1. Determine, from the Cβ-Cβ distance of Lys213 and Trp121 and an R0 of 25 Å, the FRET efficiency 1/(1 + (r/R0)^6), rounded to the nearest 0.05.
2. Place the peptides 428-435, 410-417, 146-153, 389-396 in order of packing, highest mean first, counting for every residue the other Cβ atoms within 10 Å and averaging per peptide.
3. Percent of alpha carbon pairs in the stretch 280-422 separated by more than 18 Å?
4. Under a crude label model (7 Å from the Cα following the beta-carbon direction), how far is Asp420 from Arg194 in nanometres?
5. What ranking of Val215, Val339 comes out by heavy-atom accessible area, probe 1.4 Å, highest first?
6. Taking 56 Å as R0, compute the FRET efficiency from the Cβ-Cβ separation of Asn288 and Arg263 and round it to 0.05.
7. Report, in listed order, any pair from Lys174/Lys248; Lys213/Lys247; Lys394/Lys418 with a Cα-Cα distance greater than 25 Å.
8. Using DSSP to call loops (not H, G, I, E or B), can you name the chymotrypsin sites (Phe, Trp or Tyr not before Pro) in the stretch 262-318 whose Cβ has at most 14 other Cβ atoms within 10 angstrom?
Amino acid sequence: MSFFIEKSMLASRFLFCLIAISILVLIVSSLSLVQFADNSFVVNTNNSSLYSTSCVESKIPFSPLNITSSEENAKSHNTTSFEASSYISNSRGYISDTKQALLRVYMYDLPPEFHFGLLGWKGNGKEMWPNVDMQGHVPSYPGALNLQHSVEYWLTLDLLSSNITRPCTAIRVKNSSEADVVFVPFFSSLSYNRHSRPPRKGKVSLNRILQDKVVEFLRSRHEWKINGGVDHVIVAHHPNSMLVARKKLSSAMFVLADFGRYRTKIANIEKDVIAPYKHIVRTLDANNSPSFEQRHILVYFQGAIYRKSGGTIRQVLYNLLKNEKDVHFTFGSVKSNGVREAGRGMASSKFCLNIVGDTPSSNRLFDAISSHCIPVIISDDIELPFEDVLDYSKFCIFIRSSYAVRKGYLLNFLRGIKEDQWIKMWKRLKEFTKHFEYQYPSQPNDAVDMIWQAIARKLSFMQLKAHRHNRYRTS
């Protein structure tokens with residue numbers, strides 16, 4: 001009998017030890033996961049998104065009054081190797097390693113006439129840049145249609161704010177020899193929108209003068225001469241911006257809306273980056289977005305109908321759809337509360353048409369995305385932002401132009417989409433909306449952060465191409 005009691009006690013002790021060891025392993029695993037989560041930002045790849053590494057922060061406190069003391073702090077924390085030049089401070093009281101950034105960017109200190117001076121900012125006469133760290137000191141950008149091409153404004157602000165809390169995909173460096181790319185802070189779209197007309201007959205426009213100055217400046221720089229400007233980033237989002245300079249600077253990487261008005265030798269998908277428009281309608285709250293039943297309009301389009309070239313399809317579709325009872329297809333503009341009306345209309349619609357116009361793309365696509373209205377893209381040559389990491393077929397519908405103009409085809413196709421199919425796309429759309437939001441300060445995987453990531457991927461591809469080209473070159 002005692003033998004069975006001892007055997008039972010032995011089994012109980014073994015079970016107790018096993019439970020204790022299991023709990024200890026669980027605690028250690030949890031701590032490891034927490035530590036990992038502090039140093040990285042991972043987007044669920046099941047949602048067709050991407051990994052984004054934020055700045056890895058060294059937990060080394062610094063004195064805001066004396067940045068040089070950070071080196072002494074590193075020694076007191078038994079840091080074996082520390083390069084003071086590779087660290088910058090941020091507002092949370094830690095030091096961020098620029099070597100951990102995905103992209104190190106050198107930005108030229110161009111005079112204000114090329115950037116914030118176009119917004120009326122003058123500084124104190126000696127300042128090159130506004131103090132974006134101080135509330136109320138960030139110059140505002142003009143609204144309406146100007147705003148849709150404001151990409152260079154947001155990217156410049158992001159680089160200027162490298163010392164405050166923000167995603168660290170891109171970090172501004174002070175020495176061009178440390179940079180992966182060189183950023184040219186010329187507000188080319190604003191220059192075109194506001195200053196493309198000559199002041200008087202026979203005179204040259206300010207926009208043309210600024211373009212000529214940019215070309216002259218870049219060609220005189222050592223950074224450009226090293227490799228012909230292939231590592232330079234120039235934003236020309238308005239299709240008519242940099243119209244004169246683009247050919248002279250075609251070796252650079254352009255950030256564009258599309259390739260509609262570019263020859264392939266000047267701009268192409270291999271070397272250049274497509275960036276989203278800045279939407280001008282209000283972004284809907286994902287938790288309060290109207291449902292399938294609440295969106296009583298089947299198809300929505302409001303905008304310019306009579307367009308040139310490939311945009312003539314808008315007139316064809318207008319004639320086909322204008323009398324349909326559950327279709328809103330009308331002329332529209334930003335005037336007379338046009339933006340507000342468009343926002344309400346898209347938020348009340350199940351599908352929003354994005355039809356080719358004078359160019360393959362338009363801001364209408366991104367207004368639809370921010371309104372959680374399933375985009376129907378009828379533009380055969382459109383290039384979409386970040387399409388190498390985003391699968392647009394999960395939240396957009398693509399219809400070839402030749403099919404769309406067939407009588408009855410478009411509406412029959414859209415009416416054939418069942419409610420559960422629409423809801424699935426609608427949920428995906430709400431998840432992806434953040435990737436098309438421009439904001440300051442930027443946030444992980446918003447439009448600004450995504451553009452920097454796209455530039456880094458493009459740079460990696462270009463380096464691969466160069467290395468392959470060098471395979472059989474003799475020394």
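1. Numbers: r = 18 Å, r/R0 = 0.73.
For R0 = 25 Å, the calculated efficiency reads 0.85.
2. Numbers: 428-435: 19.5, 410-417: 15.2, 146-153: 23.8, 389-396: 17.6.
Answer by packing, highest mean first, reads 146-153, 428-435, 389-396, 410-417.
3. Details: 5491 of 10153 pairs.
Value for the stretch 280-422 (Cα pairs over 18 Å): 54 percent.
4. About 5.4 nm separates the two model spin labels.
5. On the way: Val215 10, Val339 40 Å².
Putting Val215, Val339 in descending order of accessible area: Val339, Val215.
6. Details: r = 46 Å, r/R0 = 0.82.
Efficiency, rounded to the nearest 0.05: 0.75.
7. Numbers: Lys174/Lys248 27 Å; Lys213/Lys247 15 Å; Lys394/Lys418 15 Å.
Long pairs (Cα-Cα over 25 Å): Lys174/Lys248.
8. Numbers: sites: Tyr262, Tyr277, Phe292, Tyr300, Phe301, Tyr306, Tyr318; in loops: Tyr262, Tyr277, Phe292, Tyr306.
Passing sites in the stretch 262-318 are Phe292, Tyr306.
The values are calculated or read from the model by the stated rules, or taken from the named source; none is laboratory data. Keep in mind that what you see is a predicted model, and the values were worked out from it rather than measured. Ideal geometry is used to build each Cβ from the backbone, glycine not excepted, and the neighbour counts take in all protein chains shown. With ligands, DNA and RNA removed, areas are computed over all heavy atoms of the protein, side chains included. Shrake-Rupley method; radii C 1.70, N 1.55, O 1.52, S 1.80 Å.
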